[in-house]
Amino acid sequence: MSKPPKISLKNVHKSFGKKHVLNGLSLDIMEGESLVVIGGSGTGKSVMLKCILGLITPESGEIFIDGQQVIGLPQAEREKSLRKTGMLFQYAALFDSLPVWENVAFGLIQAQGMARTKAREKAIEMLSLVGLEADMADRNPAELSMGMQKRVGLARAIATHPEIIFFDEPTTGLDPIMGDVIDTLIRDCTRHLGATTLTISHDMESAQKIADRIALIYKGEVVWNGPANEIETCGNPYVEQFIRGDLDGPIELDILKP
Ligand SMILES: Nc1ncnc2c1ncn2[C@@H]1O[C@H](COP(=O)(O)OP(=O)(O)OP(=O)(O)O)[C@@H](O)[C@H]1O
Ligand SMILES: [Mg+2]
């Protein structure tokens, strides 16, 4: 029998007041796969991620991690399930009050109870994986460029060797060269770990670089989902319009409505 998906969303609905943000969203992510979710601003990408992380509770639908339904799990069970995961937030979201190494070692110390000296060694090893020298360890995150902060965020996300890693807009706000460096690091580090990854992105070039599979979200639904190398030729009108960045097509911009 084939393995169940690592993460599975089935018919997930979430509204805020009258606004339906997720409209029966369904998506499977297989073990070891890199899936990139693309879509315009406000289409529900971050809300989807927050539902998976348990920060937002959907009204209906199911979300499975390793075959376990996670909606409505008691807090302790939920935390146990989240220990399998790592996360790189948009703008890296490092703790400014902690030096770089403690940011990287945060999960090792807090969740795994690793001793500080050992955690520091491990953090320095992780920093070298993302191309940062050991002398970065005692710097304050506020002193670093955004590209360096993203690398520290990536080191933090992979430090606990998570089975699942979430990336929210990992290259937004970076110049194209640093964006490419981060994409390559994401691809190489997650393959090295054998992790399953879910990445949210606006950037088609970046998506094609790191994805095995791409899903396009529009109005809280997946309107196309397929292998990354088929996106250019799939002929789906939503995908074509998104790639072209064109105003003509099935995708309506809220901003144009009177
Ligand atoms: N906590 C909330 N309360 C009310 N509305 C919300 C909340 N969170 C998100 N929304 C609304 O849900 C919609 C989708 O938001 P979401 O953040 O998922 O968009 P997105 O696809 O991630 O967009 P972007 O690419 O700009 O980050 C938006 O209209 C947003 O205003
Ligand atoms: Mg978002």
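Do you know which residues across the stretch 82-106 are over 21 Å from I200 (Cα atoms) and either among the hydrophobic types (A, V, I, L, M, F, W, C) or not in a loop (DSSP other than H, G, I, E, B) (or both)?
The answer is F95, L98, V100, W101, E102, N103, V104, A105, F106.
Quick test of your reading of the structure: I243 fulfils all but one of (1) open to solvent by 30 Å² or more (accessible area, probe 1.4 Å); (2) assigned to a helix (DSSP H, G or I); (3) under 30 Å from K84 (Cα atoms). Name the failing condition by number.
Single failed check for I243: (3).
Out of curiosity, is S46 near ligand 1 (Cβ under 9 Å from one of its atoms), among the polar types (S, T, N, Q) and open to solvent by less than 50 Å² (accessible area, probe 1.4 Å)?
yes
Test A195 against the stated conditions and say whether it is in contact with a Gly (Cβ under 7 Å, 6 or more places away or on another chain), more than 16 Å from ligand 1 (Cβ to nearest atom) and in contact (Cβ under 8 Å) with a residue 40 or more places away in the chain.
Considered against the rule, which asks whether it is in contact with a Gly (Cβ under 7 Å, 6 or more places away or on another chain), more than 16 Å from ligand 1 (Cβ to nearest atom) and in contact (Cβ under 8 Å) with a residue 40 or more places away in the chain, A195 comes out as no.
Take I65 and decide whether it is open to solvent by less than 50 Å² (accessible area, probe 1.4 Å), over 16 Å from I214 (Cα atoms), touching a Ser or Thr at 6+ places or on another chain (Cβ under 7 Å) and not charged (D, E, K, R).
yes
Has the stretch 84-91 got at least one residue that is under 22 Å from the mean Cα position of the chain (by Cα), closer than 12 Å to A159 by Cα, open to solvent by 40 Å² or more (accessible area, probe 1.4 Å) and among the charged types (D, E, K, R)?
Yes, because at least one residue in the stretch 84-91 is under 22 Å from the mean Cα position of the chain (by Cα), closer than 12 Å to A159 by Cα, open to solvent by 40 Å² or more (accessible area, probe 1.4 Å) and among the charged types (D, E, K, R).
The values are calculated or read from the model by the stated rules, or taken from the named source; none is laboratory data. Computed from a predicted structure; not experimentally measured. Using ideal geometry, Cβ is built from the backbone for each residue, glycine included, and neighbour counts are taken over all protein chains shown. For the accessible areas, the whole protein counts, side chains as well, though only heavy atoms, and no ligand, DNA or RNA atoms are used. Shrake-Rupley method; radii C 1.70, N 1.55, O 1.52, S 1.80 Å.
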